[in-house]
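The values are calculated or read from the model by the stated rules, or taken from the named source; none is laboratory data. What you are looking at is a predicted structure, and each value in this text was computed from that prediction instead of being measured. Here the Cβ is made from the backbone with ideal geometry for all residues, glycine too, and neighbour counts use every protein chain on show. Only protein heavy atoms, including side chains, enter the accessible area calculation; ligands, DNA and RNA are left aside. Shrake-Rupley method; radii C 1.70, N 1.55, O 1.52, S 1.80 Å.
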Amino acid sequence: MAEQLIEAKNLKKYFPVNKGLFGRKKSYVRAVDGVSFSIFKGETLGLVGESGCGKSTTGRIIMRLLAPTEGEIRFNGKDISRLPDHQLRELRKELQMVFQDPYASLNPRMTVGEIIAEPLVVHRTATGKERDKRVQELLELVGLSSYHANRYAHEFSGGQRQRIGIARALALHPKLIVADEPVSALDVSIQSQVLNLMQDLQKELGLAYLFISHDLSVVEHISDRVGVMYLGRIVEIAEKDDLYDKPLHPYTQALLSAVPVADPRIRKERIILEGDIPSPSNPPQGCSFHPRCKSCMDICKTTVPELKESEPGHFTACHLYG
Ligand code: SF4
């Protein structure tokens with residue numbers, strides 16, 4: 001069994017909002033509301049769900065770009081939930097992030113070489129020729145050439161820019177990369193090139209990924225295990241094949257029924273979800289999915305279902321599974 005790299009326990013992130021006259025009444029947007037999972041060394045955990053379900057906030061908490069309101073994050077067994085700034089700085093070497101928009105995440109005034117070298121400069125890990133050599137290594141690692149170091153980001157295509165973002169993330173030899181919708185802004189033809197690059201790098205460098213996306217096909221392509229989020233909670237988490245072949249939670253079943261299949265002879269019955277996602281500032285009582293669930297029972301309206309092992313290695317938060 002692979003070693004655990006990240007352990008997230010009951011993570012919560014509530015954002016305060018002021019309501020009422022003079023903003024006196026405080027309420028909270030429960031962006032993440034009790035999320036627990038592990039990531040093992042060298043694996044990819046996919047996190048999937050509709051926009052606003054809390055998956056990006058979860059990624060930012062794991063990166064410690066946001067502090068959790070409650071809960072604990074362990075990295076290599078050490079509690080990193082509430083580290084002081086100087087220790088957070090050290091942690092940043094081990095945890096890196098790849099962002100959705102490769103256009104916005106690269107500074108247009110810096111050369112590609114300067115962008116990739118930036119983490120080395122900030123953390124003072126290499127200078128002069130050693131730094132230039134590392135930049136060249138990184139460019140080659142992501143399928144670019146050393147002469148690209150002197151060019152600017154606008155001279156590259158979207159796929160190449162995402163390769164630059166990945167090279168920057170790899171500069172300090174991280175153990176985990178949180179990739180937040182890393183291919184969503186790219187053409188479909190380019191998406192698979194970037195996903196394949198990420199998989200090759202994972203094999204070569206032993207990286208772990210927390211891969212966040214709303215796209216179930218992309219998550220299926222790259223993940224070892226997949227967690228499905230709804231309104232700030234994980235409602236199902238399992239090995240990829242288990243989850244895609246036999247989804248148990250009614251929400252996962254509905255999401256997967258909407259994924260197009262390549263073979264026109266295969267007919268899938270599409271489950272149409274009625275109603276909108278409720279507001280995370282006023283989530284429904286009990287199971288937060290109950291207003292939209294066709295299998296809703298009385299208990300669902302009053303009692304929050306816990307995430308439990310329904311089948312070996314397959315966890316579901318649903319009263320249908322005992
Ligand atoms: Fe549906 Fe009840 Fe399961 Fe929630 S707990 S998904 S409402 S059956």
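Can you tell me what share of the DSSP beta bridges in the chain is antiparallel? A percent to the nearest 5 is fine. Intermediate values should be presented prior to the final figure.
Working: 32 of 50 bridges.
Taking every DSSP beta bridge with both residues in the chain, the antiparallel ones total about 65 percent.
Rounded, prolate or oblate, given the Cα gyration tensor of segment 76-128, with a/c below 1.5 counting as rounded?
Taking the square roots of the gyration eigenvalues as a ≥ b ≥ c, segment 76-128 is oblate.
So what's the projected area for segment 140-275, the Cα convex hull averaged over all directions, in nm²?
Numbers: hull surface 42.0 nm².
Computing the convex hull of the Cα atoms and averaging its projections yields 10.5 nm².
Could you state the angle between the C-alpha long axis of helix 188-205 and the longest principal axis of the C-alpha atoms of the chain, as a value from 0 to 90 degrees rounded to the nearest 10?
The answer is roughly 70 degrees.
Could you give the size of the charge dipole of segment 264-322 about its Cα centre, using +1 on the Cβ of each K and R and -1 on the Cβ of each D and E, expressed in debye and rounded to the nearest 20? Intermediate values should be presented prior to the final figure.
On the way: 8 positive and 7 negative charges, 78 e Å.
For this selection, approximately 380 debye.
Ordering HIS249, HIS221 by how much accessible area each has at a 1.4 Å probe, largest first, what is the list? Could the numbers behind the result be given before it?
Details: HIS249 5, HIS221 80 Å².
Output order, biggest surface exposure first: HIS221, HIS249.
Would you please state the base-10 log of I(q)/I(0) at q = 0.12, 0.14, 0.18, 0.21 1/Å for segment 105-173, with intensities from the Debye formula using one equal scatterer on every alpha carbon?
Cα-only, vacuum Debye calculation for segment 105-173: -0.24, -0.33, -0.56, -0.77.
Between 0 and 90 degrees, rounded to the nearest ten: what's the tilt of helix 158-170 against the longest Cα principal axis of the chain?
Tilt of helix 158-170: around 80 degrees.
With each pseudo-label sitting 7 Å past Cα toward Cβ, what's the SER157-LEU320 distance in nm, one decimal?
For the pair SER157/LEU320, the computed spacing is 4.3 nm.
Roughly how tilted is helix 112-122, in degrees to the nearest 10 and between 0 and 90, from the longest Cα axis of the chain?
80 degrees
About its Cα centre, what dipole magnitude does the chain give when the only charges are +1 on Lys and Arg Cβ and -1 on Asp and Glu Cβ, stated in debye to the nearest 20? Walk me through the intermediate numbers first.
Numbers: 42 positive and 40 negative charges, 237 e Å.
Here the size comes out at about 1140 debye.
Of ILE177, THR125, HIS214, which is farthest along the charge dipole of segment 108-214 in the positive direction, counting Lys and Arg as +1 and Asp and Glu as -1 at C-beta?
THR125
Normalised by the residues of the chain, what does the relative contact order come to in percent, with Cα pairs under 8 Å and at least six apart?
Over the chain, the number comes to 20 percent.
Scan segment 1-109 for trypsin sites (Lys or Arg not before Pro) in coil per DSSP, keeping those whose Cβ has at most 13 other Cβ atoms within 10 Å, and list them by number. Before the final figure, lay out the partial values.
Working: sites: LYS9, LYS12, LYS13, LYS19, ARG24, LYS25, LYS26, ARG30, LYS41, LYS55, ARG60, ARG64, ARG74, LYS78, ARG82, ARG89, ARG92, LYS93, ARG109; in loops: ARG24, LYS41, ARG64, ARG82, ARG92, LYS93, ARG109.
Passing sites in segment 1-109 are ARG24, ARG82, ARG109.
At what distance in angstrom do the alpha carbon centres of segment 274-291 and segment 45-93 lie from each other?
25 Å
Once a ≥ b ≥ c are taken as the square roots of the eigenvalues of the Cα gyration tensor of segment 230-307, is the result rounded (a/c under 1.5), prolate (a/b larger than b/c) or oblate (a/b not larger than b/c)? Could you put the intermediate results ahead of the total?
Details: a/c = 2.26, a/b = 1.76, b/c = 1.28.
Since a/c reaches 1.5 and a/b is larger than b/c, the shape of segment 230-307 is classed as prolate.
Determine the alpha carbon to alpha carbon distance for each of LYS55/LYS133; LYS129/LYS240; LYS9/LYS133; LYS19/LYS55; LYS12/LYS294; LYS12/LYS133 and list only those over 32 Å. Before the final figure, lay out the partial values.
Numbers: LYS55/LYS133 36 Å; LYS129/LYS240 44 Å; LYS9/LYS133 40 Å; LYS19/LYS55 26 Å; LYS12/LYS294 28 Å; LYS12/LYS133 42 Å.
Violating the 32 Å limit, Cα to Cα: LYS55/LYS133; LYS129/LYS240; LYS9/LYS133; LYS12/LYS133.
With a Förster radius of 41 Å, plug the Cβ-Cβ distance of ASP101 and GLU311 into 1/(1 + (r/R0)^6) and report the FRET value to the nearest 0.05. Intermediate results must be reported in sequence, preceding the final value.
On the way: r = 38 Å, r/R0 = 0.93.
After rounding, the FRET efficiency stands at 0.60.
Using a Förster distance of 35 Å, how high is the FRET efficiency between SER217 and GLU140, based on the Cβ-Cβ distance and rounded to 0.05? Could you put the intermediate results ahead of the total?
On the way: r = 30 Å, r/R0 = 0.85.
With a Förster radius of 35 Å, E is 0.75.
Given the rule -39500 (n - 2.57) for each run of at least 4 DSSP H residues, summed and divided by the residues of the chain, what is its mean residue ellipticity at 222 nm, to the nearest 500 deg cm²/dmol? Don't jump to the answer; show the numbers that get you there.
Numbers: 9 runs with 92 residues, N = 322.
So the helix-based figure for the chain works out to -8500 deg cm²/dmol.
Need one number: nm distance between label points at LEU66 and ALA258, each 7 Å from Cα along Cα→Cβ, rounded to one decimal.
My value for the distance between the label points is 2.2 nm.
Give the longest segment of the chain that steers clear of GluC sites (Glu not before Pro) in DSSP loops with at most 13 neighbouring Cβ atoms within 10 Å, not counting the sites themselves.
The answer is 4-268.
At what distance in nm do the modelled label points of LYS26 and ASN76 sit from each other, each positioned 7 Å from its Cα along Cα→Cβ?
About 3.6 nm, to one decimal.
Against the globular-protein guess of 2.2 N^0.38 Å, express the Cα radius of gyration of the chain as a ratio, rounded to two decimals.
In units of the globular-protein estimate, the chain measures up at 1.06.
By accessible area of protein heavy atoms, probe 1.4 Å, what ranking do ARG292, ARG151 get, highest first? Could the numbers behind the result be given before it?
On the way: ARG292 30, ARG151 90 Å².
So, going from the largest accessible area down, we get ARG151, ARG292.
In whole Å, what is the distance between the alpha-carbon centres of segment 149-198 and segment 224-245?
Using only Cα atoms to place each centre, the spacing works out to 25 Å.
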